[in-house]
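Participant: Below are the structure tokens for one structure; questions will follow.
The values are calculated or read from the model by the stated rules, or taken from the named source; none is laboratory data. Just so we're clear, the structure is a prediction, and the values are computed from it rather than from any experiment. Every residue, glycine as well, gets a Cβ built from its backbone with ideal geometry; the counts of neighbours run over all protein chains shown. These accessible areas exclude ligands, DNA and RNA; they are computed on the full protein's heavy atoms, side chains included. Shrake-Rupley method; radii C 1.70, N 1.55, O 1.52, S 1.80 Å.
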Amino acid sequence: MAKEITTRAADYSQWYLDVVAAADLAEHAAVKGCMVIKPTGYAIWEMIQGHLDKMFKATGHVNAYFPLFIPESFMKKEAEHVEGFAPECAVVTHGGGKKLDEPLVVRPTSETIIWSAYKNWIQSYRDLPILINQWANVVRWEMRTRLFLRTTEFLWQEGHTAHATAEEAEEETLKILDVYRRFAEEYMAAPVFYGVKTESQRFAGALRTYCIEAMMQDRKALQAGTSHNLGQNFARAFDVTFQNEQGKLELVYATSWGVSTRLIGALIMTHSDDKGLVLPPRLAPIKAVLVPIWKEDSEREMMLAKARALTSGWEESISFKIDDRDQYRPGYKFNEWEKKGVPLRIEMGPKDVEANQVVLVRRDTGEKIAVPQENLLARIEALLEEMQHNLFVRARAFRDANTFHVDRYAELAEQIEKPGGFFWVHWCGSPDCEARFQEEHKATIRLVPIDEEKEEGACIVCGGRSGQRVLVAKSY
RNA sequence: CGGGGCGUAGCGCAGUCCGGUUAGCGCGCCUGCUUUGGGAGCAGGAGGUCCUGAGUUCAAAUCUCAGCGCCCCGACCA
């Protein structure tokens, strides 16, 4: 028998690895730190891509593709950027059996190669804005990796936009932040806090970095998406100017933003349980599996025919599967589909046929519901929506129950270690005070809220004046 | 880069300390029969550069030396 899934209580991080294996999402590749995304895992990525891509297009973006390789000198043009990324770059020094004149960096992110192209594309304010996204792989030579959460190579989308004004760039940055927030909440059923990063957590080369932060079941934070206002930094580095309406030359304003296969890790750690993966219906590649049950071979044919008849025409509405495999018994199938996170199981045996019903089993609650066969598809679609909503509400309740307002450093120090969670605390804005959480508790300021009501208070570290609370947590 | 662990069948492991028949076990896989409403049972079967290299020895999965690789926990990061 396959390995049992370690419980979350026993060993959270082993549980995570076990769920990835049990659901057959991915495995370690022959290359250190890299993973093979298996068909079941990749199908989830395709769901994520599909919905996000629509959202990007609905907000005026188009897709394009830029090279994997970046001349080393490009990376060095923006001072902060190279400083931030140099330590984690993979560099190609040879090609075609010869040493290259100039080494090529395997992109850790594509700002530099893209802005070198934008330089040629932009002359006038009439060429702006440029609203481009690309779906790509990137490589970051991280010290320590974890399947989906941090791998040497990962898949992502990166948006790179160019604008004529600072206001427009800021508007774009916030617009995408909102797309990410909506995607997290409406599709991933993952409630997120959003806000701006402190200087120490900012993207290398950005003016401002906005982010969404989700709480995992071990109460740690996971950065699920970032949107950067790059100001004129990259335009300056690549000399990208345009003539404005008054005929004056100006540097172009830029944004960049991305989410990655890490979202699959977020999905796992937000909803899954000790039986395996739990997927929100909107992102589940297979929404429902019908398991027909029979006793004898003669019944098998009859049950399969009934199953096919019952589901005829469903293809147009939902993706589902009839598990007609004869080599496994129903119990095995029930377990397998639960491990894989299929939202809804439809059981149909001779007894159900007789009663003109089927039994629906919800993955989120385990609840079994006998329902009539009439209008089954509509019933299922409604149930899937209910489950989607239920998962969100459940995750939000968990997050809120583990989010606290604290005002004393001793209290923060104690609670962040023991139960853990998110902590709203006052902070004076000093990097020294910020560094103290980090050094003493390995906790960081996840974000500074942008839409919360302001509140006067005293910095939890130094007692200095604070105009608002910030979110502190341990993170992935 | 520090700390820990591991490398023997597709997966998980025993055997290694103390060298010695034909290298085992569980799961999975193949064949057949019986089964099928919560991880089926029996019978038969296939499957191995014991991580690599060198050495010691009559004899190495086991001892010695060197190397390689991976995983887990920390520091760095999406």
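Participant: What about A:A214, is it small (G, A, S) and either more than 20 Å from the chain's Cα centre (by Cα) or in a loop (DSSP other than H, G, I, E, B) (or both)?
Facilitator: Here the answer is no, as A:A214 does not meet what is asked.
Participant: Taking the criterion of being modelled with pLDDT of 95 or more, away from RNA strand B (no atom under 16 Å from the Cβ) and open to solvent by less than 50 Å² (accessible area, probe 1.4 Å), would at least one residue in the range A:365-381 satisfy it?
Facilitator: Yes, the range A:365-381 contains at least one residue that is modelled with pLDDT of 95 or more, away from RNA strand B (no atom under 16 Å from the Cβ) and open to solvent by less than 50 Å² (accessible area, probe 1.4 Å).
Participant: So, one more: Which of the following residues is of a type in the set (S, T, Y) and free of Cβ contacts under 8 Å to residues at least 60 places away in the same chain: A:T112, A:T93?
Facilitator: A:T93
Participant: Can you find, within the range A:312-336, the residue that is most open to solvent (accessible area, probe 1.4 Å) among those that are more than 30 Å from the chain's Cα centre (by Cα) and away from RNA strand B (no atom under 16 Å from the Cβ)?
Facilitator: A:S312
Participant: With a cut-off of at least 3 residues that are touching a Leu at 6+ places or on another chain (Cβ under 9 Å) and open to solvent by less than 20 Å² (accessible area, probe 1.4 Å), name the strands (runs of 3 or more DSSP E) lying wholly within the range A:385-462.
Facilitator: Output list reads A:422-426, A:444-449.
Participant: Tell me which of these A:I44 doesn't satisfy, since it passes every other one: (1) open to solvent by 40 Å² or more (accessible area, probe 1.4 Å); (2) β-branched (V, I, T); (3) in contact (Cβ under 8 Å) with a residue 12 or more places away in the chain.
Facilitator: Condition not satisfied by A:I44: (1).
So that you can scan it fast, the table gives a plain yes or no per residue for (1) at pLDDT below 95; (2) open to solvent by 10 Å² or more (accessible area, probe 1.4 Å):
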residue: A:V196; (1), (2): no, yes
residue: A:S200; (1), (2): yes, yes
residue: A:C211; (1), (2): no, no
residue: A:K248; (1), (2): no, yes
residue: A:W257; (1), (2): no, no
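Participant: Hey, another quick one. Return the only residue of A:T145, A:T173, A:T161, A:T151 being assigned by TED's automatic domain parsing to the domain that holds A:S256, polar (S, T, N, Q), buried (at least 21 other Cβ atoms within 10 Å of the Cβ) and modelled with pLDDT under 95.
Facilitator: Of the residues listed, the single one that is assigned by TED's automatic domain parsing to the domain that holds A:S256, polar (S, T, N, Q), buried (at least 21 other Cβ atoms within 10 Å of the Cβ) and modelled with pLDDT under 95 is A:T151.
Participant: Can you tell me which residues in the range A:356-379 are more than 30 Å from A:I264 (Cα to Cα), part of a helix (DSSP H, G or I) and without any contact (Cβ under 8 Å) to a residue 12 or more places away in the chain?
Facilitator: Passing the criteria: none in range.
Participant: Another question, then. Determine whether A:F69 is crowded, with 18+ Cβ neighbours inside 10 Å and of a type outside the set (S, T, N, Q).
Facilitator: no
Participant: Do we have A:Q415 as over 26 Å from A:F203 (Cβ atoms) and in contact with a strand residue (DSSP E or B) (Cβ under 7 Å, 6 or more places away or on another chain) here?
Facilitator: yes
Participant: I'd like the full set of residues that are open to solvent by less than 30 Å² (accessible area, probe 1.4 Å) and either farther than 21 Å from A:R146 by Cβ or small (G, A, S) (or both), limited to the range A:21-41.
Facilitator: Matches in the range A:21-41: A:A22, A:A23, A:A26, A:G33, A:G41.
Participant: Being touching a Phe, Trp or Tyr at 6+ places or on another chain (Cβ under 9 Å) and open to solvent by less than 10 Å² (accessible area, probe 1.4 Å) is true for just one of A:M215, A:M188. Which residue is that?
Facilitator: After ruling out the rest, the residue left standing is A:M188.
Participant: Give me the strands (runs of 3 or more DSSP E) completely within the range A:235-351, filtered to those with at least 3 residues that are touching a strand residue (DSSP E or B) at 6+ places or on another chain (Cβ under 9 Å), closer than 30 Å to A:E171 by Cβ and not hydrophobic (A, V, I, L, M, F, W, C), ordered by residue number.
Facilitator: Those strands (runs of 3 or more DSSP E) span A:253-260.
Participant: Would the range A:90-100 turn up any residue that is within 26 Å of the chain's Cα centre (by Cα) and either modelled with pLDDT under 90 or within 16 Å of RNA strand B (Cβ to nearest atom) (or both)?
Facilitator: The answer is yes, given that some residue of the range A:90-100 is within 26 Å of the chain's Cα centre (by Cα) and either modelled with pLDDT under 90 or within 16 Å of RNA strand B (Cβ to nearest atom) (or both).
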